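The block underneath contains the structure these notes are about, expressed in C-alpha cells.
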Amino acid sequence: MCGIVGLFLKNRDLEPELGALIAPMLSVMSDRGPDSAGFAVYGAGRPGRTKLTLRLPEGMLSVSEMIAGLESVMAVPVDIDLRESHAVLSIPNAAEADVRTWLAQAHPGVRIVGSGQRMELYKEVGRPEFVAKAFGLSQMSGTHAIGHTRMATESSVTTDGAHPFSTGPDQCLVHNGSLSNHNAVRRVLRREGLTFDTENDSEVAAGYLTWLMREGFNLRQALEASLNDLDGFYTFVVGTESGFAVLRDAIGCKPAVMAETRNYVAFGSEYRALAMLPDIETARVFEPQPATVYAWEHG
C-alpha cells in the first residue's frame, strides 16, 4: 500500500497556495497509509544560508536552552521556526558543520531530518490529515512539494520510519513498494561514506540517488541507473531544489497517475488524490509508464 502525492507549480502566482492545494491530496491518501505521514515543501531560500529541519525528542525540556547554545556556537542570533515536534533553523552555510557537531554532542536526541537552502521536511506517526494539520501544511508556500502516507511493511511504525527520507541537501524521496536487495546496497553505500538512521529500504533508495548525484550523475541519470541496481517493486517520487521526478519500476505494479495543466504537474497514487485540484477536468491525465523517468524543473 502506501500513498504518494506530489505537486509542482509551473505558475509562480500559485506559490502562496501550494500548501492549501497539496494538504487535501495527502489527507485523501490516508486509507492507503494510516500509520504515519510526512511531506517536504520547497519554499523560499536565502542566499548563503542553509535550513536544517530538526525533530525534537519527546519531552525535551528546554528548546530555549538549545537556542542559547547554538547562538554561542554561531556567535549570531538563531533564526528558528518551531512547528510542533519539529524546528527549522536558518543558519549561515559556513556554520553548518559546527552546528551539526554541537547538536550531536549537546543534544544527541535531536534528529536532523532534512537540510538544504529551500527544503523543509516534516514527518510524524499518526493519520495523515492530523499530521498535515499539526505542522500547518495548508498555510505553507513554495514551488513544489511531495508527501507520503505509510502502511508499514519493511520496518516498525516509528517517526524514523516515516517518509520522506533525505540523505543530501535539498534532496528527498518517497516510495511505495519494497526493495529486495536493500541490505546489500546499504553495505556498498556505507563503504562510500553514507550513513543511515534506520533499516528502512526506502532510506537506502534515497541514499543511492544521493551517492550517484555526488559522483556527478544528474537526477535523471541516477534514476535510470536505479533500474539496474535496485531490485523490487517501487514507485519513487524525488524532490530536489529545482523540481521533482517520478519513476516506476520496469513492471509498474504499483499504482500511479499524473495530471498536467499549464499551471501545475501533479502526482497521486490514485486519481482521487488529484480530483480536487483546480482545472483538473481539462488536465492531461495519464499513467506514467514503467521504467521511464518523468521530471520537471524550474530553470
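The values are calculated or read from the model by the stated rules, or taken from the named source; none is laboratory data. Predicted, not measured: the structure shown is a model, and the values here were computed from it. Note that each Cβ is placed from the backbone with ideal geometry, even for glycine, and that neighbours are counted across all protein chains shown.
Being surrounded by 19 or more Cβ atoms within 10 Å (Cβ to Cβ), outside any loop (DSSP other than H, G, I, E, B) and in contact with a helix residue (DSSP H, G or I) (Cβ under 9 Å, 6 or more places away or on another chain) is the filter here, so list the residues in the range 255-299 that pass it. First the steps, then the outcome.
First pass over the range 255-299, keeping only residues surrounded by 19 or more Cβ atoms within 10 Å (Cβ to Cβ): 256, 258-259, 264-269, 273-274, 277, 283, 293-294.
If we keep only those that are outside any loop (DSSP other than H, G, I, E, B) too, we end up with 258-259, 264-268, 273, 294.
Ala259, Tyr264, Ala266, Phe267, Gly268, Ala273, listed by residue number.
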Qualifying positions in the range 153-166 - touching a Gly at 6+ places or on another chain (Cβ under 6 Å) and either surrounded by fewer than 24 Cβ atoms within 10 Å (Cβ to Cβ) or under 30 Å from Asp13 (Cβ atoms) (or both): Ser155, His163, Pro164, Ser166
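I'd like to know if the range 42-51 contains one or more residues that are crowded, with 17+ Cβ neighbours inside 10 Å and hydrophobic (A, V, I, L, M, F, W, C).
Let us first name the residues in the range 42-51 that are crowded, with 17+ Cβ neighbours inside 10 Å, namely 42-43, 45, 50-51.
Of the ones still in play, those that are also hydrophobic (A, V, I, L, M, F, W, C) are none.
No - not one qualifying residue is present in the range 42-51.
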Pair list, Cβ < 7 Å and 6+ apart or interchain, from the range 223-242 residues that are without any contact (Cβ under 8 Å) to a residue 40 or more places away in the chain to residues that are of a type in the set (Ser, Thr, Tyr) and assigned to a helix (DSSP H, G or I): Ser226/Tyr208
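Collect the residues in the range 1-20 that are under 17 Å from the mean Cα position of the chain (by Cα) and part of a helix (DSSP H, G or I), keeping them in residue-number order.
Of all residues in the range 1-20, those under 17 Å from the mean Cα position of the chain (by Cα) come to 2-9, 18-19.
Matches in the range 1-20: Leu18, Gly19.
Which of the residues belonging to the range 191-242 are in a strand (DSSP E or B) and either over 13 Å from the mean Cα position of the chain (by Cα) or modelled with pLDDT under 95 (or both)? Step through it out loud before you land on a result.
Taking the range 191-242 as the starting set, the residues that turn out to be in a strand (DSSP E or B) are 232-239.
Scanning the range 191-242 gives Gly232, Phe233, Tyr234, Thr235.
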Pick from the range 176-196, criterion touching a Gly at 6+ places or on another chain (Cβ under 7 Å) and either surrounded by fewer than 11 Cβ atoms within 10 Å (Cβ to Cβ) or free of Cβ contacts under 8 Å to residues at least 40 places away in the same chain (or both), ranking: nearest to Arg150 (Cα to Cα): Phe196
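In the range 104-125, how many are more than 22 Å from the chain's Cα centre (by Cα) and either crowded, with 20+ Cβ neighbours inside 10 Å or small (Gly, Ala, Ser) (or both)? Before the answer, list the steps.
At the first step, the residues of the range 104-125 found to be more than 22 Å from the chain's Cα centre (by Cα) are 104-108.
Those still in the list that are either crowded, with 20+ Cβ neighbours inside 10 Å or small (Gly, Ala, Ser) (or both) too: 104, 106.
Looking only at that region, the number is 2.
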Qualifying position, being touching an Asp or Glu at 6+ places or on another chain (Cβ under 9 Å), outside the structural domain of Gly243 (by TED's automatic domain parsing) and in a helix (DSSP H, G or I), among Val73, Val131, Val99: Val73
Matching entry among Arg187, Arg150 (being in the same structural domain as Ser30 (by TED's automatic domain parsing), within 16 Å of the chain's Cα centre (by Cα) and over 19 Å from Phe8 (Cα atoms)): Arg150
All positions within the range 102-128 that are out of contact with any helix residue (DSSP H, G or I) (no Cβ under 8 Å at 6 or more places or on another chain), within 18 Å of Gly19 (Cβ to Cβ) and either in a helix (DSSP H, G or I) or of a type in the set (Asp, Glu) (or both): Glu120
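Residues are listed down the side, and each one gets a yes or a no for (1) crowded, with 17+ Cβ neighbours inside 10 Å; (2) touching a helix residue (DSSP H, G or I) at 6+ places or on another chain (Cβ under 6 Å); (3) over 12 Å from Asp170 (Cβ atoms):
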| site | (1), (2), (3) |
| --- | --- |
| Leu212 | yes, yes, yes |
| Gln221 | no, no, yes |
| Glu224 | no, no, yes |
| Phe233 | no, no, yes |
| Gly243 | yes, no, no |
Leading residue by the ranking (surrounded by the most Cβ atoms within 10 Å (Cβ to Cβ)) among those in the range 84-96 that are aliphatic (A, V, I, L, M) and in a strand (DSSP E or B): Leu89
Where a residue in the range 75-98 is in contact (Cβ under 8 Å) with a residue 12 or more places away in the chain and its partner, wherever it lies, is outside any strand (DSSP E or B) and of a type in the set (Phe, Trp, Tyr), with Cβ under 8 Å and at least six apart: Arg83/Phe135; Glu84/Phe135; His86/Phe135
Failed item in (1) surrounded by fewer than 21 Cβ atoms within 10 Å (Cβ to Cβ); (2) assigned to a strand (DSSP E or B); (3) more than 17 Å from the chain's Cα centre (by Cα), with Glu58 passing the rest: (2)
